[in-house]
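The values are calculated or read from the model by the stated rules, or taken from the named source; none is laboratory data. Remember, it's a predicted structure, so these values are computed and weren't measured experimentally. Note that we place each Cβ from the backbone using ideal geometry, even for glycine, and neighbour counts take in every protein chain shown. Only protein heavy atoms, including side chains, enter the accessible area calculation; ligands, DNA and RNA are left aside. Shrake-Rupley method; radii C 1.70, N 1.55, O 1.52, S 1.80 Å.
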Amino acid sequence: MWLHRSRLSYLFCGAGIFLFPFSSNAQSSNTVPVNAESTPEIVKELPAFFPGAKTDEGYQSQVLPEFSLSEQMRGASGAGFLQKPEEQDHAEGAGVSDSDVSTSDATSLLADAPGYTSTHPATSGSVRQEPPGYVTLPNCPYDKTHAKECRMHWRQMFISSALYLAFQNAGNLYTGYWYRYETMTGKWWDRYIASVDGWLWDKWSDNNGVLDDYVGHPMMGAITNDIWRQNDPKAMSIEQGNNWLYYRGLLRATAYSTIFSFEWKLGPIGEASIGHNGDHYYHDQGIVTNETGWVDLVTTPIGGTLWTMAEDALDRHLVRRIEEKPRNPFTLLGISFLTPAQGAANILRFRPPWYRDSRTVKAASFWGDPPPPYDRESIEIADAEASGRLEATRLNRAEEELAEAPSPEAVNPVIRPVTRPGQPETPQWPYYGGVHEFGAWWGLSLMSGHVWGSAGDVKYMPIDVRYSYEFTRHDHWTMRYSPEVTALAMLDEPIADPTNNPMEERKRTYGSGLSPVGFQSDFFPSHRVQPFFSTNGGFIYFMDKVLSPQGSQFMYTVDFGTGINIFRTQRQAVTIGYRYQHLSNADISHHNPGTDANTFYVSVSRFRTKGYR
């Protein structure tokens with residue numbers, strides 16, 4: 001039974017991982033979503049200053065599949081660029097006809113249009129000034145030139161896979177005493193070889209539960225499928241459909257899931273090496289087993305593929321409709337439970353669970369990405385595009401010329417943002433970080449200190465959510481008020497009078513708390529790497545008495561720490577830090593040994609400043 005309980009870490013990984021979304025907004029690439037059922041060679045995409053199809057206070061986007069380019073430029077669709085009424089009247093009075101356009105310059109005119117990108121051999125060019133031969137993400141599924149930007153993202157794929165393996169192994173070690181005992185007993189390499197050699201290849205069942213074999217492992221396969229697809233440009237933007245492009249990406253992901261499954265069961269970073277499944281037998285509910293068999297090697301890739309197809313269908317026909325309007329992060333988080341495998345894979349690449357490569361999903365939150373700046377250059381370009389009917393007519397004729405050339409049957413719809421005349425540019429916060437910070441951190445202490453506390457051999461693991469507010473800033477340092485909520489704290493301590501049962505030599509107690517007093521001083525605020533000092537004070541209430549049978553469930557906490565903030569982007573940071581934490585009941589009970597924890601932790605944070613981007 002101990003192994004059955006430990007295997008629940010699969011389910012914990014798939015569902016519990018949603019507790020820690022790394023940010024509140026997701027944005028896809030700057031290109032138009034691709035329908036896998038078409039084979040476009042011409043993709044019109046937004047200029048660089050309109051990143052993605054978003055909806056926010058200051059702007060919105062619409063899909064316009066029914067209007068020609070000239071109609072959009074004139075504003076006939078109701079969603080064109082800025083156009084002044086007097087300019088429109090002037091253009092209409094110019095008397096320009098379609099015959100004024102020569103076919104010789106049609107292709108070059110359309111290629112020079114802002115926001116237009118084409119893979120047609122006769123055209124090239126875009127406002128983004130991409131290098132010759134550049135293939136955008138929506139075009140990668142159709143690329144036959146082996147373009148560099150369409151190749152597999154191996155590095156990120158290996159990072160996500162390694163994180164997933166580490167999470168699974170940590171779950172097994174944390175939830176199973178015998179996993180820890182078997183891993184640390186004997187000669188590790190010899191036991192690993194014996195585990196592989198002891199695998200029962202002539203047996204189907206591994207004597208684990210139905211949930212483990214037929215729910216947990218298929219979900220594991222679906223997560224690894226999504227890890228592959230989110231790093232494969234030929235599958236990233238493809239949505240579910242009955243076509244070769246979709247099935248090709250799915251087959252490639254299934255092959256990777258099969259390899260991952262064998263590594264998890266027989267590899268050096270899986271159950272054969274951590275837990276040593278296969279090299280020893282034990283009695284479990286009257287059955288002698290070493291927990292090996294074919295079942296998980298089959299249900300992980302095959303069941304995972306079926307799970308992935310089910311999630312893809314839900315995502316296309318249900319989730320997409322639900323998330324059409326901007327929603328708060330908690331609503332999007334709830335929607336993400338309809339596609340848990342995709343959500344888990346997203347978090348493993350440091351994205352929120354509702355992120356999609358094929359479309360933009362916008363969280364209506366202060367912590368979401370701010371709208372792009374409506375700078376002077378952007379407005380001038382928009383005005384120039386809509387300045388008269390002459391250019392619009394010429395571009396329309398150029399479009400018709402290209403439509404007559406050999407090309408796929410369908411062309412992707414054009415997305416045009418609606419700008420507001422006179423909208424001021426949103427200024428950019430000139431430093432790394434921001435006034436407001438929201439983040440979460442996970443820490444672990446494996447050894448006790450004795451500066452204030454006397455209880456030893458205590459393990460401590462807190463998971464905290466933090467907010468900080470910068471209330472003073474100087475050239476070389478800042479000061480922040482930083483309260484925290486301890487969402488979950490685990491304290492592992494030895495039992496005073498242990499029995500002969502090794503599983504009862506230690507006790508784990510869980511609790512939650514609050515640290516309303518907290519301050520942090522950051523140094524070198526204009527640098528990407530910022531060292532800091534911090535201190536916090538509060539309390540934790542545990543579910544049982546801790547540190548002594550005559551102790552208390554209520555413990556005061558105080559800590560002093562240091563670390564470094566490493567900014568991945570201007571508004572997102574990863575923190576590596578250390579805290580010396582003291583836990584004590586302040587003599588409110590009969591016995592107060594207290595304990596000190598040497599807690600090392602990692603944190604992720606997002607920063608915002610009101611009125612700035």
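Less than 9 Å Cβ to Cβ from GLY443, Lys/Arg counted +1 and Asp/Glu -1: what total charge do the surrounding residues give?
Working: positive: ARG579; negative: ASP464.
Neighbourhood net charge equals 0.
Ignoring ligands, DNA and RNA, how do GLU505, GLU470 rank by accessible area with a 1.4 Å probe, largest first?
Values: GLU505 85, GLU470 20 Å².
Descending accessible area places them as GLU505, GLU470.
When the accessible area of the stretch 123-232 is split by element with a 1.4 Å probe, what percent falls to carbon and sulfur? Can you show the working numbers first?
Working: 3600 of 5580 Å².
Using a 1.4 Å probe with all protein chains present, the stretch 123-232 comes out at 65 percent carbon and sulfur.
Against the empirical 2.2 N^0.38 Å (N residues), the stretch 510-592 has a Cα radius of gyration ratio of 1.41. The listed peptides 152-158, 229-235, 588-594, 481-487, ordered by packing as a protection proxy, come out as 229-235, 481-487, 588-594, 152-158 (highest mean of other Cβ atoms within 10 Å first). For THR145, the accessible surface of its heavy atoms amounts to roughly 100 Å² (probe 1.4 Å, protein chains only, rounded to the nearest 10).
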